[in-house]
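Engineer: What follows is a single structure, and I will ask about it in a moment.
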Amino acid sequence: MAHDHATVAEEEYLQSIFWLQEAGLPMTGANVARAMQLSAPTVHEMVNRLEKDGYITRRDDKSLKFTKSGLEHAEAIVRRHRMIERFLTDVLGIPWDEVHEEAERLEHAMSPVLEERMLAAIGDAKNCPHGHPIDPADRVPGVPLADCDAGAKVTILRFENEAEDLLHYLMNSGVYPGLDAVVESTGDDEVAIRSGKGEHVLTTSVAETISVTADPSPPPRTALPEQLVLAKERYGR
Ligand SMILES: [Zn+2]
Ligand SMILES: [Zn+2]
């Protein structure tokens with residue numbers, strides 16, 4: 001039987017598993033551990049609890065699969081997270097590189113009434129400030145900026161990794177979702193793009209975490225698990 005109310009730790013795990021699913025990555029305990037920066041035994045224990053509480057089941061190959069209730073919980077928490085981030089930037093004026101951790105805290109403590117009010121306050125915003133669709137069904141496929149060739153026209157779709165130190169780096173680089181640019185050069189260490197605002201130089205490892213639409217476009221590729229670190233906050237210890 002699924003419980004009506006998942007614990008904070010369970011919600012964090014459901015969210016992480018959902019991110020793996022959204023990114024097309026194998027939903028395994030090892031990938032959950034990487035995304036949450038937790039040890040394998042810690043994750044193993046929580047995965048057992050999620051299974052016992054009716055949120056996930058295991059496939060024959062031991063990978064994880066949401067139950068109907070688990071998917072509903074995961075989508076609800078992801079939607080709330082992205083909506084809170086948008087509320088913090090658009091209504092409270094907080095810079096977008098400072099809202100992820102706040103949303104991580106607030107998302108577990110909201111009444112349906114507050115959620116409704118917040119949704120009304122953000123108007124018709126469709127994405128979180130990092131480019132993730134508030135309704136997960138609206139996700140647009142993208143390719144990593146690091147895969148694009150010099151000369152390609154790109155539009156930044158979203159930042160796949162919302163760890164705040166990375167968001168600070170992106171903010172300082174002057175890039176943001178929706179920015180149009182042309183790839184100037186790509187290398188093993190750096191990717192340089194030029195937008196109407198000037199040149200932006202990013203490390204290649206950061207460019208791996210930026211999803212773009214590109215013309216011409218490289219073939220699609222799923223992100224690597226290490227690129228999907230959700231937050232520095234640790235749960236379940
Ligand atoms: Zn976030
Ligand atoms: Zn976000």
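The values are calculated or read from the model by the stated rules, or taken from the named source; none is laboratory data. What you see is a predicted model; the values in this text were computed from it and never measured. In this analysis, Cβ positions are derived from the backbone assuming ideal geometry, glycine residues included, and neighbour counts consider all displayed protein chains.
Engineer: Enumerate the pairs (first residue in segment 136-154 and farther than 27 Å from Arg82 by Cα and not assigned by TED's automatic domain parsing to the domain that holds Lys126; second residue anywhere and at pLDDT 90 or above and polar (S, T, N, Q)) with beta-carbon separation below 8 Å, excluding pairs fewer than 6 apart on the same chain, so at least 6 apart or on different chains.
Structural biologist: Going by the 8 Å Cβ cut-off, the qualifying pairs are Cys148/Thr186; Cys148/Ser217; Asp149/Thr186; Ala150/Ser185; Ala150/Thr186; Ala152/Ser217.
Engineer: Can you find, within segment 131-149, the residue that is nearest to Pro218 (Cα to Cα) among those that are out of contact with any Leu (no Cβ under 7 Å at 6 or more places or on another chain) and within 16 Å of ligand 2 (Cβ to nearest atom)? Write out each step before concluding.
Structural biologist: At the first step, the residues of segment 131-149 found to be out of contact with any Leu (no Cβ under 7 Å at 6 or more places or on another chain) are 132-139, 141, 143-149.
Still in the running and within 16 Å of ligand 2 (Cβ to nearest atom): 132-136, 138-139.
Values: His132: 21, Pro133: 23, Ile134: 26, Asp135: 26, Pro136: 24, Asp138: 22, Arg139: 19 Å.
Here the answer is Arg139.
Engineer: Then there's this: Could we say that Thr57 is more than 16 Å from ligand 2 (Cβ to nearest atom), in contact (Cβ under 8 Å) with a residue 60 or more places away in the chain and among the β-branched types (Val, Ile, Thr) here? Walk me through how you get there before you give the answer.
Structural biologist: Working: more than 16 Å from ligand 2 (Cβ to nearest atom): yes; in contact (Cβ under 8 Å) with a residue 60 or more places away in the chain: no; among the β-branched types (Val, Ile, Thr): yes.
Judged against the criteria, Thr57 is not a match.
Engineer: Of all strands (runs of 3 or more DSSP E) completely enclosed by segment 148-229, which ones contain at least 3 residues that are under 16 Å from the mean Cα position of the chain (by Cα)? Give the steps one after another, and end with the answer.
Structural biologist: On the way: elements: 153-159, 180-186, 190-195, 198-203, 210-215.
Of the strands (runs of 3 or more DSSP E) lying wholly inside segment 148-229, those with at least 3 residues that are under 16 Å from the mean Cα position of the chain (by Cα) span 153-159, 210-215.
Conditions (1) crowded, with 20+ Cβ neighbours inside 10 Å; (2) within 13 Å of ligand 2 (Cβ to nearest atom); (3) outside any helix (DSSP H, G or I); (4) among the charged types (D, E, K, R), marked per residue:
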{"site": "Arg34", "(1), (2), (3), (4)": "yes, no, no, yes"}
{"site": "Ala103", "(1), (2), (3), (4)": "yes, yes, no, no"}
{"site": "Val113", "(1), (2), (3), (4)": "no, no, no, no"}
{"site": "Gly123", "(1), (2), (3), (4)": "no, no, yes, no"}
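Engineer: Here are Val191, Val212, Val201, Val175: which of them is without any contact (Cβ under 8 Å) to a residue 40 or more places away in the chain, in contact with a strand residue (DSSP E or B) (Cβ under 7 Å, 6 or more places away or on another chain), crowded, with 20+ Cβ neighbours inside 10 Å and not assigned by TED's automatic domain parsing to the domain that holds His81? Write out each step before concluding.
Structural biologist: Working: Val191 fails: without any contact (Cβ under 8 Å) to a residue 40 or more places away in the chain; Val212 fails: without any contact (Cβ under 8 Å) to a residue 40 or more places away in the chain; Val201 fails: crowded, with 20+ Cβ neighbours inside 10 Å.
The conditions single out Val175.
Engineer: Residue under question is Ala9, and the condition is that it be closer than 21 Å to Arg221 by Cβ and not hydroxyl-bearing (Ser, Thr, Tyr); does it hold? Steps first, please.
Structural biologist: Details: closer than 21 Å to Arg221 by Cβ: no; not hydroxyl-bearing (Ser, Thr, Tyr): yes.
For Ala9, the condition - closer than 21 Å to Arg221 by Cβ and not hydroxyl-bearing (Ser, Thr, Tyr) - is not met.
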